[in-house]
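Below: the structure, in structure tokens.
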Amino acid sequence: MVVDVFDPVGQTLACLAQAERVLNGALEGKYLEDLEEEFQVYWGGELCLLDIQDVHAELQAVVMTPSESGVFGAITDDYQRTLRKLQAIKRGGKQAPWPAFCVSTGIKPRPNLDVWPPKTVGQFLNWQGGLDVNCRKALERKMLKALQNGAPGVVLMVHSPLVRYCVGVLFRDSAVSGKRILRNKSWLYERRLFRLEGVRIDDCYVAERNTPGVRTLAGKKIVLVGAGTIGGYLAEMLVKAGAGTSGGQLIVVDPDYLFPQNLGRHRLGFSHLFKHKADALSEELTGVSPGCKISGVVEDVRHVELRGVDLLVNATGEEALGHWLCRYAREQPTLTVWIEGPGSAVRGLLKASNRSACFRCLCDANREGALLATEEPVEPLMAGNGCEGLYVPFPASVSVQAASLAAEMVQAWCSEEPAPALRTRVIDQTRTLATPDCDPLANADCPACCT
Ligand SMILES: [Zn+2]
């Protein structure tokens, strides 16, 4: 429903009439499914971050100190990874972890109309017993186990078909510490219950959330050559698509430093000046995605071992190096991305099979006037003839479009739908596209990939 902002009175009356209808229906026992849907809203409580890749693994809870309000804690199957994430949001005090457990149920939660919300462990277990007796038993068993093991508290997550919701129970109350107290079932039932709202922060969720059903880059070993203007933006897009997570790795190779002349069109800013681009970029992206395994290699790629890599991405924009990589890494699927001339077009070429053209094959074809990006010839345009050294002038917006094209092609490779292997996007609107996206074949005489 779109609210008509020019009719506030009429719209408010319509909302009230609708609310009356729904509430009457709810009192008559209708809309049970709707109430289930709304459950999370009414469960409330502090946030409990869920950083769980494998629910069957042993779980722990990182519990915040009382001063860190707003977030109760986090449940994790990898304590160190979750600590990095919490440190990135400046949280995660030095408390010993609590045990945590996940209990599954096939029943969707619905509020209990008698006692709501549950404030003690006893009320919580009663409510659970009304929904799913087995789930109730399992929850009580886990709580008693933690209690008997002398844990300071326990966090439980109920994994229901609709939602994951959590509770926390503090066993060690500072007011009674030191005293011998009888810790049995009835003592447990009296404990205060912390209702917790589960919020997923696991890497799978972050990468899959915006593209449901699409494969992510999780688990892949990807080497990105070039942490320059294209590589910087591209690395971030790859990380957001799951690169470096779930056992995967993203390796950024670049021997150069970040200088002031780079800042105007680089993903990195002033705080990284005079650092190696590869190191600075991995540092920056570790903050963007602390669960991601990303490393910088400050080295000429010609000295880097590339065997065993799932995908090699060349974002250096250096033609000669591109030819060399076609030869040296011809066993690896390779994506080359570059900017044509002074930003007239951006192009990407993926070589994922022996039959496809490599970057050298394409450059040879271009010299003969075939497979060109634009109808109009690209005039070489250079700036900086002084002591800064030569460079090709184009703005950051062009690099971002090259990075976007490359990210799209990496996604296509990951989904095993690599075609078309040669893609061109004309940026300068005074120019005309010469070669529609296609799948050029390798040239049998290519010195890089065929001989
Ligand atoms: Zn070739």
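The values are calculated or read from the model by the stated rules, or taken from the named source; none is laboratory data. None of the values given here were measured: they were computed from a predicted structure. Positions of Cβ are backbone-derived with ideal geometry, glycine not excepted, and every protein chain shown enters the neighbour counts. Just so you know, the surface numbers come from the protein's heavy atoms only, side chains and all, with ligands and any DNA or RNA stripped out. Shrake-Rupley method; radii C 1.70, N 1.55, O 1.52, S 1.80 Å.
Structural remarks
- Beta carbons closer than 8 Å, at least 6 apart along the sequence or on distinct chains, pair a first residue in the range 353-367 that is open to solvent by 40 Å² or more (accessible area, probe 1.4 Å) with a second that is more than 9 Å from the ligand (Cβ to nearest atom) and in a helix (DSSP H, G or I) for R360/G322.
- Here N354 qualifies as modelled with pLDDT under 95 and within 14 Å of the ligand (Cβ to nearest atom).
- Counted residues, the range 270-289 - those being at pLDDT 95 or above, open to solvent by less than 30 Å² (accessible area, probe 1.4 Å) and part of a loop (DSSP other than H, G, I, E, B): 1
- All positions within the range 264-275 that are of a type in the set (A, V, I, L, M, F, W, C) and closer than 18 Å to L234 by Cβ: L268
- The set of residues in the range 359-382 being more than 31 Å from the chain's Cα centre (by Cα) and within 16 Å of the ligand (Cβ to nearest atom) consists of R360, C361, L362, C363, D364, A365, N366, R367, E368, A370, L371.
- Checked against (1) farther than 20 Å from V400 by Cα; (2) modelled with pLDDT under 95; (3) more than 26 Å from the chain's Cα centre (by Cα), Q261 passes all but a single condition, namely (1).
- Residues of the range 326-351 satisfying the condition of being within 11 Å of the ligand (Cβ to nearest atom) and in contact (Cβ under 8 Å) with a residue 40 or more places away in the chain: C326, R327, R330, L349, K351
- Residue count, the range 323-345 (criterion: outside any loop (DSSP other than H, G, I, E, B) and open to solvent by less than 40 Å² (accessible area, probe 1.4 Å)): 11
- Selection within the range 196-236 - surrounded by fewer than 19 Cβ atoms within 10 Å (Cβ to Cβ) and aliphatic (A, V, I, L, M): V199, V214
- When L422 is tested against (1) of a type outside the set (S, T, N, Q); (2) modelled with pLDDT of 95 or more; (3) more than 16 Å from the ligand (Cβ to nearest atom), just one condition goes unmet, and that condition is (3).
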